[in-house]
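Enquirer: This is the structure I have questions about; it appears just below.
The values are calculated or read from the model by the stated rules, or taken from the named source; none is laboratory data. From a predicted model like this one, the values you see are computed outputs, not experimental measurements. Positions of Cβ are generated from backbone atoms using ideal geometry, with glycine treated the same way; all protein chains shown enter the neighbour counts. Just so you know, the surface numbers come from the protein's heavy atoms only, side chains and all, with ligands and any DNA or RNA stripped out. Shrake-Rupley method; radii C 1.70, N 1.55, O 1.52, S 1.80 Å.
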Amino acid sequence: MAIVDIGAGLRLHTQRIGPRGDRPVTATAVLVHGLLTDSLASYYFTVAPAFAASGIDVVMYDLRGHGRSTRPATGYTLDDNIDDLEALLDRLEVTGPVHLVGNSYGGTVAFGYAARHPERAASVSLIESEPATAAWAGKLDGILGRVMHELAHNEADAIAWITANRSQNTARLAKGAARLARETTLAQDIPASRVLTEEEISSVRCPVLGLYGGDSDLAEHAPWLEAVLPDCRTVVVPGHEHSVLVEASGTVGGHILSLIHGATAAPVALAGADAR
Amino acid sequence: MSLNGQRIGTVDEEAVLADIAGMLATLLDEYGLDDVEIGMDTTFNRDLELESIDLVTLAGLLEEKYGNRVNFAEFLAGMEFDEIIELTVGRLVEHVVASLKAAEAG
């Protein structure tokens, strides 16, 4: 485990794994996780080992407030998260173009980084994610508003409902999310984030891959994303919802590896659970 | 610490279980839990209430102890999500023993 001090009292938990032995590194990928219940573990135990084995220098980190990173009370806008990613890559001395991968909100951060620094993005893979638009901010405002209402104000009832109707594991994650929402300005900051103009979005000229669960609301973004971006391909994975990264990691990882290694044909077979 | 379960056949498994129980005690101590019994049948999720980010920390402790002979991330990456939720200490012990034996043989 590495804790990287990015200044201003912020320490980001970072995991970096690469190919074994003397296999050369052919690319660097930065994987960004989602909001509230998520952490770098969603990559660490799914696609990261296969990425590293294929010759990729894989950088994973916990967003501020999440996982093992420090939790400041404020500073949770999208631009704050992009600033953190910039500072982290500076500290790690990752200077060349990187392949950005983001799950859910992590994809919005990854895309925002690519829009800010098109020359530093070799590719962007958005898993169940979208660029920051006014519609995105409005939707996040609704979701985070409900989280704050249900978990921060009626937490005991909400957790009891989740335990009864979902699982103990989900309930535990929800408790962690409630703490994060209560202790920080995240729920107010994210919807108030500066969003991208359509020109800024289409300025991302590197290859972009959009991956969506077929049963997710976000799948309907696929045609829009392909239309607005100069070089974009989308894949819809049937039978999955928003958790497609952890539930279908073999399929998702295979498509991303094909993009990173420059293949245009069938995805690289990846020995993930769902690929068997 | 109790060694419940009947699958402990070799000295190897006992030693590895003791190592892993020690690592888990370190992790649980951070949550103020210092008297949790850990045996082969203990589940990471239900019994120990560890979150996936705790398992990342455990992966680091395993690497410190066993080096690159054991790769916990690869072990979990080959599993279904539900299998990870049901993962027992015993299954990890068996994986570590098998990995160490493979490294010796190789």
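Enquirer: With all protein chains present and a 1.4 Å probe, how do B:82, B:54, A:5, A:80 order by accessible area, largest first?
Expert: B:82, A:5, A:80, B:54
Enquirer: What's the magnitude of the charge dipole for the protein assembly as shown around its Cα centre, counting Lys and Arg as +1 and Asp and Glu as -1 at the beta-carbon? Answer in Debye, nearest 20.
Expert: About 580 debye.
Enquirer: Still on this structure, I have one more. Residue A:32's amide H: which non-local residues (gap 5+, or another chain) put their own amide H closer than 5 Å, with H modeled 1.01 Å from N in plane and none for Pro or chain starts?
Expert: Answer set, sorted by chain and number: A:101, A:102, A:103.
Enquirer: Roll a 1.4 angstrom probe over the protein heavy atoms and tell me the percent of accessible area of the protein assembly as shown that is carbon or sulfur.
Expert: On the protein assembly as shown, the fraction of accessible area on carbon and sulfur atoms equals 50 percent.
Enquirer: Only helical DSSP H runs with n ≥ 4 go in: add -39500 (n - 2.57) per run for chain B, normalise by residue count and round the 222 nm mean residue ellipticity to 500 deg cm²/dmol.
Expert: Value at 222 nm, helices only, nearest 500: -18500 deg cm²/dmol.
Enquirer: What accessible surface, in Å², does a 1.4 Å probe find on residue A:139, ignoring ligands, DNA and RNA and rounding to the nearest 10?
Expert: Result for residue A:139: roughly 80 Å² accessible.
Enquirer: Then there's this: Under 5 Å between amide hydrogens, which residues at least 5 positions from residue B:38 or on another chain qualify, with H placed 1.01 Å from N in the peptide plane?
Expert: B:2
Enquirer: Please report the antiparallel percentage of DSSP beta bridges with both residues in the protein assembly as shown, rounded to the nearest 5.
Expert: Counting DSSP beta bridges with both partners in the protein assembly as shown, the antiparallel share is about 30 percent.
Enquirer: Taking only C-alpha pairs under 8 Å that are 6+ residues apart, what is the relative contact order of chain A in percent?
Expert: About 18 percent, as a whole number.
Enquirer: Apply the Karplus parameterisation 6.51 cos²θ - 1.76 cosθ + 1.60, with θ equal to phi minus 60°, to every residue of the range A:59-72 and state each ³J(HN,Hα) to the nearest whole Hz, in sequence, with x for glycine and proline.
Expert: Karplus-based 3J(HN,Hα) across the range A:59-72 equals 10, 10, 8, 8, 4, 3, x, 10, x, 9, 7, 5, 10, x Hz.
Enquirer: Please average, across the residues of A:91-97, the number of beta carbons from any other chain that are within 10 Å of each residue's own beta carbon, and give a whole number.
Expert: 0
Enquirer: Further question on the same structure: In the range B:58-73, what residues drop by 30 Å² or more of accessible area when the other protein chains are put back, versus the chain on its own? Use 1.4 Å, and skip ligands and nucleic acids.
Expert: Residues shielded by partner chains are B:73.
Enquirer: Using 14 Å as the cut-off for backbone N distance, which residues of the range B:65-106 belong to the label zone defined by a point 7 Å from the Cα of residue B:19 along Cα→Cβ?
Expert: Answer for this model: B:65-72, B:92-105.
Enquirer: Rounded, prolate or oblate, given the Cα gyration tensor of the range A:133-192, with a/c below 1.5 counting as rounded?
Expert: Because a/c hits 1.5 or more and a/b exceeds b/c, the range A:133-192 counts as prolate.
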